[in-house]
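The values are calculated or read from the model by the stated rules, or taken from the named source; none is laboratory data. Quantities reported herein were computed from a predicted structural model and do not represent experimental measurements. No Cβ is skipped: glycine too gets one built from the backbone with ideal geometry, and neighbour counts run over all protein chains shown. The protein model used for the area step is the full one, side chains on, heavy atoms only, and it has no ligands, DNA or RNA in it. Shrake-Rupley method; radii C 1.70, N 1.55, O 1.52, S 1.80 Å.
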Amino acid sequence: MEGKSKRSKSISWFWRWFLNNQVVTALLVVLLILLIVFLFTKVSYLFAPIWQFLAIVGLPIILAGILYYLMNPVVDYLEKRQIPRLYSIIGLFILVIALIVWGSVVIIPKIQEQTISFINNFPKYIDTIDTKLTEILRDPLFNQFREQLESAGGKFMSSTGEMLQDISKSTVQSLGSFVGAVATIIVALLTMPFILFYLLKDGKQLAPYFVSFLPTRMRKPTLKVLSEMNDQVSSYIRGQLTVAFAVAIMFIIGFTVIGLDYAVTLGIIAGFLNLIPYLGSFLAMIPAVFLGIVAGPVMLIKVLIVFALEQTIEGRLISPLVLGNQLAIHPVTILLVLLTSGKLFGIVGVILGIPVYAAAKVVISHIFEWYTTISTLYEEKSKK
């Protein structure tokens, strides 16, 4: 009996100070994660075929998923109005094809014309800025800063020339990869409509189908997690694309009203860049400010006024109305996610980083909730 008592005391001590300790448990979890990552790095060659397969099918699936989240609410609404789902899908496909044809006839030639014009006039723009800088340096007010400004201007011009040379060299060198990328995009555009059609037709059955392979006890919570992930991602994609479209329209109208060159192209670029939260609009203003400087101080002021009006309307009206606080992610967290995903995966990571983070946040929160229920580490002691 005495031996059993000593053994139970030792087990109780081991449980209390080691197994049931929050710090030790957290360190063990981190250690296991690092070990798993280390093992994956050692056998990464085994996953090479999977990555190659995902590289082929990833783009059409992503494009089809984005269009699915945009079109599915319309199909659901029409289905509630007693319109067969198949007829609604076919009608939406006809509408999208009509919009693509209209864009190919009206918008794309306009963008092509403005882009070619900008490229042809770019050396003149650089010369204009150089001339204006020289005029500013001759002002007596800048005598004491002349050497520093001339040095900075010379460095800017030389770096611009070197950048253009590097771009031309890299363009020639990466011609093969460019052709491969174009081929991948063409294949994606050809296969994407078929994936989209079946997603719209049978998308609601995907989650129950995959869950049916799980044990019975895990089906209901897994289906709940998948539903919340779907809500988060769909809300973000629909909201972000709606805001991006509104931003493009506002910039096109604003730049056209003030008479800025390349208004349509700059507005569409601003819309695409606005898919990057917080940073997109400021990045889109760089070419507009550049053209404003070339056109003169009056045009520069007009460009800044357009930017201020757009930011006010977007921040105070459109974004709160469309996006609201659906993701409940702090702006600092969003910036960190954008920087990290952009560094790891490039432009694709910047665009998809936030929805992937939102989906991962749902999974992690449910795992943490499950862990707190089976563990005694987070139980609050009742006050006597």
If you go through segment 214-271, how many residues are aromatic (F, W, Y), assigned to a helix (DSSP H, G or I) and modelled with pLDDT of 85 or more?
3
Specify the residue that is modelled with the lowest pLDDT; the eligible residues are those in segment 98-134 that are surrounded by 11 or more Cβ atoms within 10 Å (Cβ to Cβ) and of a type in the set (S, T, N, Q).
T134
Restricting attention to segment 223-237, report how many residues are open to solvent by 40 Å² or more (accessible area, probe 1.4 Å) and of a type outside the set (K, R).
8
Matching entry among L141, L137 (being open to solvent by 100 Å² or more (accessible area, probe 1.4 Å), more than 30 Å from G267 (Cα to Cα) and at pLDDT below 70):
L141
Scan L78, L95 and give me the residue that is open to solvent by 80 Å² or more (accessible area, probe 1.4 Å) and modelled with pLDDT of 85 or more.
L95
For segment 278-288, check the following and say yes or no: at least one residue is crowded, with 18+ Cβ neighbours inside 10 Å, at pLDDT 85 or above and not in a loop (DSSP other than H, G, I, E, B).
yes
